[in-house]
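What follows is a short report on a single structure.
The values are calculated or read from the model by the stated rules, or taken from the named source; none is laboratory data. Please read these numbers as outputs of a predicted model, since none were measured by experiment. Neighbour counts run over all protein chains shown; Cβ positions are idealised from the backbone, glycine included.
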Amino acid sequence: MGIVKLLFRNLLKGPSTDPFPFGDTFTPKALRGRIEFDASRCTGCRMCEYVCAGGAIRFQETDAGLKFHLWHNSCAFCGLCEHYCVPGAIRMTQDWHLAHPQQEKYTMVEQGVVRRLPCEGCQVAMVPTTERLIGRAYAGSNAAIESLSRLCPDCRRQRSARQLTKGELL
Ligand code: SF4
Ligand code: SF4
């Protein structure tokens, strides 16, 4: 095809590429993008911090509770934190619009505070088990399970041991 003919054909056909950054472009469904954290689902197990090869996740003890920080600048978007977060407190979104000027690097952080409540047995501050985790761990909840979820690990162990010695089942 001659160059003039090709030129006219392309002019009539219009652009073959997406108009990004002046318009939308394609985002694959499985894309692993900006991470969202939902403190109300977090049980404070810190597994995400442990598995994060990029060292992007840090927890900090504060008066308000356990503070979660995720630095998107250090994140490799491997998805391990989401994979290992049983209660689903970490979710990878499809948002890949993370380009930013250098001076905004300290704003590329996802944060949240996991509140502690007093244990119903000994009053020690603890993160209660979340409804979602109970839903995933047990086929169905009941009053005994819900009551255990409001106890710290020590009180849970003691109550379970008492129930076992009495021959009671949950
Ligand atoms: S975000 Fe998930 S994995 Fe991380 S501490 Fe919370 S519950 Fe555990
Ligand atoms: S996606 Fe990977 S690198 Fe990013 S915070 Fe999660 S575990 Fe760390």
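Since Lys5 meets every condition but one in (1) basic (Lys, Arg); (2) away from ligand 2 (no atom under 16 Å from the Cβ); (3) outside any helix (DSSP H, G or I), which condition does it not meet?
Here Lys5 meets the rest and fails (3).
Check segment 92-100 and report whether any residue there is within 16 Å of ligand 2 (Cβ to nearest atom) and in contact with a helix residue (DSSP H, G or I) (Cβ under 6 Å, 6 or more places away or on another chain).
The answer is yes, given that some residue of segment 92-100 is within 16 Å of ligand 2 (Cβ to nearest atom) and in contact with a helix residue (DSSP H, G or I) (Cβ under 6 Å, 6 or more places away or on another chain).
Mind checking which residues of segment 42-88 are of a type in the set (S, T, N, Q) and either in contact with a helix residue (DSSP H, G or I) (Cβ under 7 Å, 6 or more places away or on another chain) or part of a loop (DSSP other than H, G, I, E, B) (or both)?
Thr43, Asn73, Ser74
Since Ala30 meets every condition but one in (1) within 10 Å of ligand 2 (Cβ to nearest atom); (2) without any contact (Cβ under 8 Å) to a residue 40 or more places away in the chain; (3) aliphatic (A, V, I, L, M), which condition does it not meet?
The number of the failed condition is (1).
For residues that are within 8 Å of ligand 2 (Cβ to nearest atom) and crowded, with 16+ Cβ neighbours inside 10 Å, scanning just segment 78-91, find the one that is farthest from the chain's Cα centre (by Cα).
If we take residues in segment 78-91 being within 8 Å of ligand 2 (Cβ to nearest atom) and crowded, with 16+ Cβ neighbours inside 10 Å, then Leu80 is farthest from the chain's Cα centre (by Cα).
Just name the residue that is modelled with the lowest pLDDT out of those in segment 97-140 that are assigned to a loop (DSSP other than H, G, I, E, B) and touching a Gly at 6+ places or on another chain (Cβ under 7 Å).
The residue in question is Val127.
Any residue at all in segment 33-46 that's more than 16 Å from ligand 1 (Cβ to nearest atom), surrounded by 14 or more Cβ atoms within 10 Å (Cβ to Cβ) and modelled with pLDDT of 95 or more?
The answer is yes, given that some residue of segment 33-46 is more than 16 Å from ligand 1 (Cβ to nearest atom), surrounded by 14 or more Cβ atoms within 10 Å (Cβ to Cβ) and modelled with pLDDT of 95 or more.
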